[in-house]
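In what follows, a structure is listed as C-alpha cells, so that the remarks can point back to it.
The values are calculated or read from the model by the stated rules, or taken from the named source; none is laboratory data. Treat the numbers as computed from the prediction; the structure is a model and nothing was measured. Heads up, the Cβs are rebuilt from the backbone with ideal geometry, glycines too, and the neighbour counts pull from every protein chain shown. Ligands, DNA and RNA are excluded from the accessible area calculation, which covers all protein heavy atoms including side chains. Shrake-Rupley method; radii C 1.70, N 1.55, O 1.52, S 1.80 Å.
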Amino acid sequence: MSMAQQAEPAVGRPSAPGPKETDGRTRRRPLALRLLARPEVGVFLGALAVLVFFLIAAPTVRQGSSMATVLYQSSTIGIMALPVALLMIGGEFDLSSGVAVITSALTASMLSYQLTVNVWTGVIVALVVSLAIGAFNGWMVVRTGLPSFLVTLGTFLILQGVNLAVTKLVTGNVATDDISDMDGFDQARKIFASSVDIGGVEVKITVFYWLAFAALATWVLLRTKYGNWIFAVGGNKDSARAVGVPVNFTKITLFMLVGFGAWFIGMHNLFSFNSVQSGEGVGQELIYIAAAVIGGCLLTGGYGSAIGPVFGAFMFGMVNQGIVFAGWNPDWFKAFLGVMLLGAVLINLWVQRTATRR
C-alpha cells in the first residue's frame, strides 16, 4: 500500500466524538430554573420563611396547641381558596364567595329553626342554594359575556342585602337563633366542626378536610380531562372551544365548586358557633383571592396549581395567629397581608419571565 493510499481518508468513517452542539431551542434548562417555573415553589419558600420567622419571634408557636390553632385558621381560608384558585386558573374569579358562606349558613339555620325540622334538612337545602348561586354566576358570565368581576360584584351586593334584610325579617334580629338543641345538630357538628385528638392536641377536622380537598384538586388538575379543560379555558377559551372543550360547562361548574366551598365553610361556621351573624363575610372574598394569588395563580387565568393556595392559606393563618402569639398589635395583620400579596405578585411575574426565557 502506497503512502498516498495510507494518507487518503476513509469515506464514511465516523468522526471522533465531540461535544454536542445545541441551540437555545433545544438546550435543557438548569434544574433550578425548572423548579422555579412551578407555580407553588415560590409560595412554599415564602411559607417556610414565615414559619421560621415566627418560630423565632414568637416561641409560643412552637407548642402543639398553638400550631393546631394556626392550621385551623389556615384551613378555614384554604378550603375556600382551593375552588377560588381553580376558578382563577379557569380565567374567572368570584367576588361573592365571602358573603355566599354566610348565605349558606343563614339558610340552614333559619330553615331548620323556623320550620322546626331536623337540621339536616336545612343543610341539604343550603347546599342546593349555594350550588344555585354558583350556577347563576357561571350562567350569567357565559351567557352575557360580561366580566366575572361585574357579575359577581352584583351577586355580592344582592347577597349582602338579602342576608341582612331576610334575617331581620324572619328573626327580628341581625343574628339567627341558637340551634344547638335541635334534632341532628350533634351528628352534623361531628362532621363539620368536631376535633380530633392527636397526641393530646385537639386538631380541628377542617384541617383534614383541607388537605384531602387539596389532594383531590391536585389529582383533578393533573390527571383528569376536566383538569385539562380548566387550563384550556383559562388560557384561551376560543382556542379551547375550537378543539372541542366544553367551555360553558367548565366555567359554570367551576363557579358551582366555589358554591360548594361556601356551603362547606358555612356549615362549619354554623355548627361551630350555633348561630350566624348576618353581616359577616364581607371582605373574606379578598382573602380567598389573595391566598390563591399568593399561591401562584394568575388573575389572567391558565396558570396555577392546587398546592400553591395551600401554602398561601398557611401563610395567612401563620401571620394572623403569629402576630397574636408574638404579642403584637393585630392591626398590623392587614399590613402584612398587603406586603405578602404585593410580594407574591412580583415573584409570580419574575417566575413567569424566568420560565419563558430561552
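Helix 97-114 against the longest principal axis of the chain: what's the angle in degrees, Cα atoms only, rounded to the nearest 10?
Orientation of helix 97-114: about 30 degrees from the principal axis.
For K168 and L299, FRET efficiency with R0 = 25 Å and r from the beta-carbon atoms, rounded to 0.05?
Working: r = 36 Å, r/R0 = 1.44.
With R0 = 25 Å, the Cβ-Cβ based efficiency is 0.10.
At what distance in nm do the modelled label points of Q114 and T224 sit from each other, each positioned 7 Å from its Cα along Cα→Cβ?
So the two model labels end up 3.5 nm from each other.
So with the 1.4 Å probe, I'd like the accessible area per residue for the chain, rounded to whole Å².
So the chain comes to 51 Å² accessible per residue, rounded to a whole number.
Please list the three semi-axes, largest first and in whole Å, of the ellipsoid equivalent to the chain, using sqrt of 5 times the eigenvalues of its alpha carbon gyration tensor.
48, 26, 18
Order these peptides, 138-147, 97-106, 256-265, 235-244, by their mean beta-carbon neighbour count within 10 angstrom, highest first.
Peptide ranking by packing, descending: 97-106, 256-265, 138-147, 235-244.
For the chain, take the longest principal axis of its alpha carbons; what is the angle in degrees between that and the long axis of helix 148-171, to the nearest 10 within 0 to 90?
In the chain, helix 148-171 runs at an angle near 20 degrees to the longest axis.
Sorted by accessible area with a 1.4 angstrom probe, largest first, how do R223, R62 fall?
Result of the area sort, largest leading: R223, R62.
Note the full-extension length gain between W332 and L153 as 0.36 nm times their separation in residues minus their Cα-Cα distance, in nm to one decimal.
Once the chain is fully extended between W332 and L153, it gains 61.7 nm.
How high is the relative contact order of region 193-314, in percent, with contacts defined as C-alpha pairs under 8 Å that are six or more residues apart?
25 percent
Within the chain, how many lysine pairs that are 8 or more places apart, or on different chains, have C-alpha atoms less than 22 Å apart?
Number of lysine pairs found: 4.
Ranked highest first by average number of other Cβ atoms within 10 Å, how do 121-127, 302-308 line up? Can you show the working numbers first?
Working: 121-127: 20.3, 302-308: 24.0.
Sorting 121-127, 302-308 by mean packing, highest first, produces 302-308, 121-127.
Using label points projected 7 Å from each Cα along Cα→Cβ, tell me how many nm separate L211 and V282, to one decimal.
Inter-label distance under the simple model: 3.7 nm.
Remind me, relative contact order of region 177-250 in percent, using alpha carbon pairs under 8 angstrom and six or more residues apart? Don't skip to the end; give the middle numbers.
Working: 43 pairs, mean separation 10.6, N = 74.
Relative CO of region 177-250 lands at 14 percent.
Which whole-number percent is the relative contact order of the chain (Cα, under 8 Å, 6+ apart)?
Working: 576 pairs, mean separation 122.9, N = 358.
Relative contact order here is 34 percent.
Out of the total accessible area of the chain (probe 1.4 Å, heavy atoms of protein only), what percent is carbon and sulfur?
Its accessible area is 64 percent carbon and sulfur atoms.
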